[in-house]
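Asks: My structure is below; once you've seen it, I'll send some questions.
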Amino acid sequence: MDGDFRTEFTRQPTGLKQHPALVLNADYRPLSYYPLSLWPWQDAIRAAYMDRVDIVSEYDQVVRSPSTVIRIPSVVVLKDYVKPQKRVAFTRFNLFLRDEFCCQYCGSRGDLTFDHVVPRAAGGVTSWQNVVAACSPCNLRKGSKSLRQIGMTLRKPPRQPCAEELRNMGRRFPPNFLHESWMDFLYWDAELQA
C-alpha cells in the first residue's frame, strides 16, 4: 500500500466539533451570556445520559454508535438550579466588559489595556474603583501622571459592577455563532416591540 494505510480507515468528525449545546439553568436562562454558556456536543450527550439535563432542542445531525443513533442536542436545561454568583471577580476580561470594550479616555475600541486612574507610583491601588480600560496611546500619554496634570477626563467613573450588571452587559456582545434554536432562550426577557 502507498502512504499511511491508517488514514484510509480513519475519518475525522470535524463537522461534529461545530455543534455546541447552549446550557440553560433550571430557570431556562443561560448560565452566562458572555462568554456564552456552551458545552461540546459530547458533554451534552453525556449529561443527558446521566440524567443531569433535559434536551430542549436538537440539531439535524446525528451521531452513531454500533447500537444507537442520537440526534445532537443544541439546547440543554440543567435539572438542578445553579445559584448565580453574586461576587464579580476582578479580572481583565470583566474589567473590559464593565467598560464595554472601549477606552475610557477617548472611546476607541482597539488595542485595549488597563490603566490606573490614580497611578500606582502615587499610591493608587489595583481595584475596581481605580482601574479602567484604556487604549495603548491614551495609556502611554497618561503615563504615571494624574488626570488633572495631563488634562484627560474619564467617560464614566470606575466602580465595582454587580453580577447582574455584567450579565446584562454581556448580552450586548453576542458571540460570532448563534444557532437559531438558541434565540428563544437568549433574548426571552427582551422587551417586545409593538
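The values are calculated or read from the model by the stated rules, or taken from the named source; none is laboratory data. Treat the numbers as computed from the prediction; the structure is a model and nothing was measured. Reconstructed Cβ throughout: ideal geometry from the backbone, glycine too, with neighbour counts over all protein chains shown. With ligands, DNA and RNA removed, areas are computed over all heavy atoms of the protein, side chains included. Shrake-Rupley method; radii C 1.70, N 1.55, O 1.52, S 1.80 Å.
Asks: Mind checking which residues of the range 64-87 are farther than 27 Å from ASP184 by Cα, part of a loop (DSSP other than H, G, I, E, B) and of a type outside the set (Ser, Thr, Tyr)?
Replies: Answer for the range 64-87, where residues must be farther than 27 Å from ASP184 by Cα, part of a loop (DSSP other than H, G, I, E, B) and of a type outside the set (Ser, Thr, Tyr): PRO66, ARG87.
Asks: Here are some conditions: (1) open to solvent by 80 Å² or more (accessible area, probe 1.4 Å); (2) within 20 Å of GLY143 (Cα to Cα); (3) in a strand (DSSP E or B). ARG109 meets all but one. Which one does it not meet?
Replies: The single condition ARG109 does not satisfy is (3).
Asks: On the given criteria, is ARG141 among the basic types (Lys, Arg), more than 29 Å from the chain's Cα centre (by Cα) and either open to solvent by less than 70 Å² (accessible area, probe 1.4 Å) or more than 26 Å from GLN85 (Cα to Cα) (or both)?
Replies: yes
Asks: Related question: Quick one: which residue in PHE114, PHE173, PHE185 is at pLDDT 80 or above, within 30 Å of GLN61 (Cβ to Cβ) and under 21 Å from the mean Cα position of the chain (by Cα)?
Replies: Answer to the check: PHE185.
Asks: Could you look through the range 84-99, keep only residues that are touching a residue at least 12 places away in the same chain (Cβ under 8 Å) and polar (S, T, N, Q), and pick out the one that is surrounded by the fewest Cβ atoms within 10 Å (Cβ to Cβ)?
Replies: As a first pass, look at the range 84-99 and keep what is touching a residue at least 12 places away in the same chain (Cβ under 8 Å): 84-88, 90, 92, 94-99.
With the extra rule that they be polar (S, T, N, Q), the set shrinks to 85, 94.
Numbers: GLN85: 9, ASN94: 19.
Residue satisfying both the conditions and the ranking: GLN85.
Asks: For the range 46-62, how many residues meet the condition of being within 15 Å of PRO20 (Cβ to Cβ), open to solvent by 50 Å² or more (accessible area, probe 1.4 Å) and not in a strand (DSSP E or B)?
Replies: Residues flagged as within 15 Å of PRO20 (Cβ to Cβ), open to solvent by 50 Å² or more (accessible area, probe 1.4 Å) and not in a strand (DSSP E or B) within the range 46-62 amount to 1.
Asks: Which one of these does PRO30 not meet: (1) over 19 Å from PRO161 (Cβ atoms); (2) surrounded by 12 or more Cβ atoms within 10 Å (Cβ to Cβ)?
Replies: Of (1) over 19 Å from PRO161 (Cβ atoms); (2) surrounded by 12 or more Cβ atoms within 10 Å (Cβ to Cβ), only one is false for PRO30: (1).
Asks: Among the numbered criteria (1) more than 24 Å from GLU164 (Cβ to Cβ); (2) in contact with an Asp or Glu (Cβ under 7 Å, 6 or more places away or on another chain); (3) open to solvent by 30 Å² or more (accessible area, probe 1.4 Å), which single criterion is violated by TYR81?
Replies: (1)
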